[in-house]
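Participant: Below you'll find the structure I mean.
The values are calculated or read from the model by the stated rules, or taken from the named source; none is laboratory data. Model, not experiment: these values are computed from the prediction. Cβ placement follows ideal geometry from the backbone for every residue including glycine, while neighbour counts extend to all protein chains displayed. Accessible surface areas use protein heavy atoms only, side chains included; no ligands, DNA or RNA. Shrake-Rupley method; radii C 1.70, N 1.55, O 1.52, S 1.80 Å.
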Amino acid sequence: MITLLDYGAGNVRSVINAVEKLGQSVRIVETAADIDAAEKLIFPGVGAFGSMMEILEAKGFVAPLRRYLAADRPFLGICLGFQALFEGSDEAQGVEGLGVLPGKVIHFDTARMEATLAVPHMGWNGVRTRQASALFNGLTGAEKFYFVHSYHVTADREDDVLTITDYGYPFVSGAQRGRIIGTQFHPEKSGAPGLQLLANFIAEDTPTVRLPE
């Protein structure tokens, strides 16, 4: 059973479909108790950082989320659900994130980018790994994943960085600390490589793999 946190700001159907394709059932979080009871929690997010945190707070989900993450239980944050792990975002000044990982979220610095590169960063792009992870089992490192975002993470701790992606300049596209994982890209929209990544998150005792950097 996979528990999915849908805070109501976007379509999570593609995530549900991907998880069910892997033979798993999905439970949607309705109460704080559902977060406490989760065996594995996926938090896909789209929309704006400030609205996301406001809705999570209004639903009473922030405290149980922090409790779940502090216990190092299996968690996969996708896109905005990844950004929520950090302390805050330039998109919503003064709004606190979950603060589990030190760092913040900033807008792409267009002054550092070629004029031909548009923001939002939208489409397929690769990743360069920075640490070993069971998430990479069955992958080669040459895969492309689907991105759509205007803001990206800056992580204070290098040890938390899982992947780097180049778009005008290198940015953090994934993080992992223990069993807490986040990806800026959308595994559920990334074809076979994304499905493999989700399967690795779901599986028990998946071997840890270090891909070529």
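Participant: Kindly list the number of the only condition in (1) open to solvent by less than 20 Å² (accessible area, probe 1.4 Å); (2) in a loop (DSSP other than H, G, I, E, B); (3) not small (Gly, Ala, Ser) that fails for Glu213.
Facilitator: In the conditions (1) open to solvent by less than 20 Å² (accessible area, probe 1.4 Å); (2) in a loop (DSSP other than H, G, I, E, B); (3) not small (Gly, Ala, Ser), Glu213 misses (1) alone.
Participant: Which residues, counting only those in the range 105-124, are open to solvent by 30 Å² or more (accessible area, probe 1.4 Å) and within 12 Å of Thr165 (Cα to Cα)?
Facilitator: Answer for the range 105-124, where residues must be open to solvent by 30 Å² or more (accessible area, probe 1.4 Å) and within 12 Å of Thr165 (Cα to Cα): just Trp124.
Participant: Within the range 1-38, can you find the residues that are in a loop (DSSP other than H, G, I, E, B) and surrounded by 14 or more Cβ atoms within 10 Å (Cβ to Cβ)? Please lay out each step first, then the result.
Facilitator: Step one: of the range 1-38, the residues in a loop (DSSP other than H, G, I, E, B) are 1, 5-12, 22-25, 29-31, 38.
Passing the criteria: Leu5, Asp6, Tyr7, Ala9, Gly10, Val12, Leu22, Gln24, Val29, Ala38.
Participant: May I pose another question? With assigned to a loop (DSSP other than H, G, I, E, B), crowded, with 22+ Cβ neighbours inside 10 Å and among the aromatic types (Phe, Trp, Tyr) as the only criterion, which of Phe147, Phe86, Phe82 stands out? Write out each step before concluding.
Facilitator: Working: Phe147 fails: assigned to a loop (DSSP other than H, G, I, E, B); Phe82 fails: assigned to a loop (DSSP other than H, G, I, E, B).
That would be Phe86, the only listed residue that is assigned to a loop (DSSP other than H, G, I, E, B), crowded, with 22+ Cβ neighbours inside 10 Å and among the aromatic types (Phe, Trp, Tyr).
Participant: How about the range 51-66: which of its residues are outside any loop (DSSP other than H, G, I, E, B) and over 11 Å from Ala38 (Cβ atoms)? Before you say what the answer is, go through the steps one by one.
Facilitator: From the range 51-66, those outside any loop (DSSP other than H, G, I, E, B) are 51-58, 62-66; that's our starting set.
Within the range 51-66, Ser51, Met52, Met53, Glu54, Ile55, Leu56, Glu57, Ala58, Val62, Ala63, Arg66 qualify.
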